[in-house]
Amino acid sequence: MSKLSIAVSETDHMQGDPSAGCILVEYGDYECPHCAAAHPVVRRLQKHFGERVSFVFRNFPLTQVHPWAEPAAEVAEFAGASGKFWEMHDLLFENQRSFGDRLFSELAESLGLDSAQLKADLEARTYRARIRADFAGGVRSGVNGTPTFFINGKRHNGSPDFESLVHAIEGTPVV
Amino acid sequence: MSEISIAGTPAPDFTLPIAPSEKLTLSELRGKPVILAFYPADWSPVCGDQMALYNEILPEFESFGAKLIGISVDGAWCHQAFAENRKLKFPLAADFEPKGEVSRRYGVYHADWGISERALFVIDAEGVIAWSYLSPIGENPGADGILEALENLRT
């Protein structure tokens, strides 16, 4: 039970090489404080393991408890359409406490993106289908809260802290 | 602990409060699949907790015509405050008096700790347990097993 049911593919947002020995997949919510806490942990893991670990982020907005989670995910996808997904991903987690349309516009402009187009895309919900697809795939894979990590397709049931994840990644056979 | 009730056996019937002045009887839900989600306690300190997660997935459960009921030993007033706080759109049954009685009948009462285990049951339209799963108590089981069981009911 609880294995990644949607294989990592080129449609994913990935940092690192798809052929790396370990693929770390996170299902996360930009408004979730635990995901914000895990954000620097992922950075540290990337630094620690270097090219041995690649990282994929998928959306899992808990919209009932986090009203800004889905718009924030749409903002990240909007930036992704211009090749700026990871820049926006970082900015969103770093500014989690100030979410709102004004912040989203400012973040878009800080990355040289068209904030009027962002507004139009948010209104048209251009990226919603992708986010719901991420969410549905996560549910099928046994995502049980945010953040949920998968290490080479296997759900990490331990705490999402650095030591626990290092231990799990080191103990994972290369596939 | 006694054995968890297993697939193929009739689901033990029960009547429990789902609000301070409202009760729910399992057998009255015949005709539709029912998901029973036993869990240890209201107010677990994470945002993506099991009940909040199921709340998000509710439309998918409902697409199978299924009714979801959460059950813990917390009282009806506690459930009401918890449900309001998490904006839950499905009932929480209070296995409060006699404490843990229904959990015991399903074989999922943790007597040492005085709480329900994390256990899932999918009951078919005829009231027979189609699938059950006992999760390690600290591990939120997610919803993949429930959805698979609901799919299997259709085939």
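Every read-out reported here was derived from the displayed coordinates using simple, explicitly stated rules and does not represent laboratory data. All values reported here derive from a predicted model rather than from experimental measurement. Methodologically, a virtual Cβ is constructed for each residue, glycine included, from the backbone with ideal geometry; neighbour enumeration extends over all protein chains shown.
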Q: Can you tell me the FRET efficiency between A:ARG52 and A:SER5 if r is taken as the Cβ-Cβ distance and R0 is 35 Å, rounded to the nearest 0.05?
A: 0.90
Q: Work out from phi, with θ = phi - 60° and the Karplus expression 6.51 cos²θ - 1.76 cosθ + 1.60, the ³J(HN,Hα) of each residue of segment B:83-98, listed in order in whole Hz, and give x for Gly and Pro.
A: 4, 5, 4, 9, 6, 6, 10, 9, x, 10, 8, 9, 8, 9, 8, x
Q: Provide the per-residue ³J(HN,Hα) series for segment A:29-38, in order, calculated from phi with Karplus coefficients 6.51, -1.76, 1.60 and θ = phi - 60°, each as a whole number of Hz, with x at glycine and proline positions.
A: 10, 5, 9, 7, x, 5, 6, 4, 5, 7
Q: Find, among the trypsin sites (Lys or Arg not before Pro) in segment B:66-140, those assigned to loop by DSSP (not H, G, I, E, B) with at most 14 other beta-carbon atoms within 10 angstrom.
A: B:LYS87, B:LYS89
(Q) Need the full-extension length gain, B:TRP43 to B:ARG105, defined as separation in residues times 0.36 nm minus the C-alpha distance. One decimal, nm. (A) 19.9 nm
Q: Give the angle, between 0 and 90 degrees and rounded to the nearest 10, that separates the Cα long axis of helix A:85-94 from the longest principal axis of the Cα atoms of chain A.
A: 90 degrees
Q.
Once you compute Rg and the Kirkwood Rh from C-alpha atoms, what is the Rg to Rh ratio for chain B?
A. 0.92
Q: Starting with the fewest neighbours, write out B:HIS110, A:HIS89, A:HIS48 ranked by other beta-carbon atoms found within 10 Å of each beta-carbon.
A: A:HIS48, B:HIS110, A:HIS89
Q: Show the residues, 5+ positions off or on another chain, whose built amide H is closer than 5 Å to the amide H of B:HIS110.
A: B:ILE115, B:SER116, B:GLU117
Q.
Averaged across B:49-60, how many Cβ atoms of other chains sit within 10 Å of each residue's Cβ atom?
A. 4
Q | Kirkwood Rh, angstrom, segment A:116-175 [1 / mean 1/r, Cα pairs] | A | 13.9 Å
**Q.** DSSP-defined antiparallel bridges as percent of all bridges, the protein assembly as shown, nearest 5
**A.** 65 percent
Q. Looking at the P(r) of segment A:1-137, how many percent of alpha-carbon pairs lie beyond 24 Å?
A. 28 percent
Q) Is there a simple number for the mean count of other chain Cβ atoms within 10 Å of the Cβ of residues in B:142-148, and what is it? A) 6
Q) Are there cysteines in chain A with no other Cys C-beta under 4.7 Å, and if so, which? A) A:CYS22
Q: Determine the shielding of peptide A:135-147 by partner chains: average, over its residues, the number of Cβ atoms on other chains within 10 angstrom of each Cβ.
A: 5
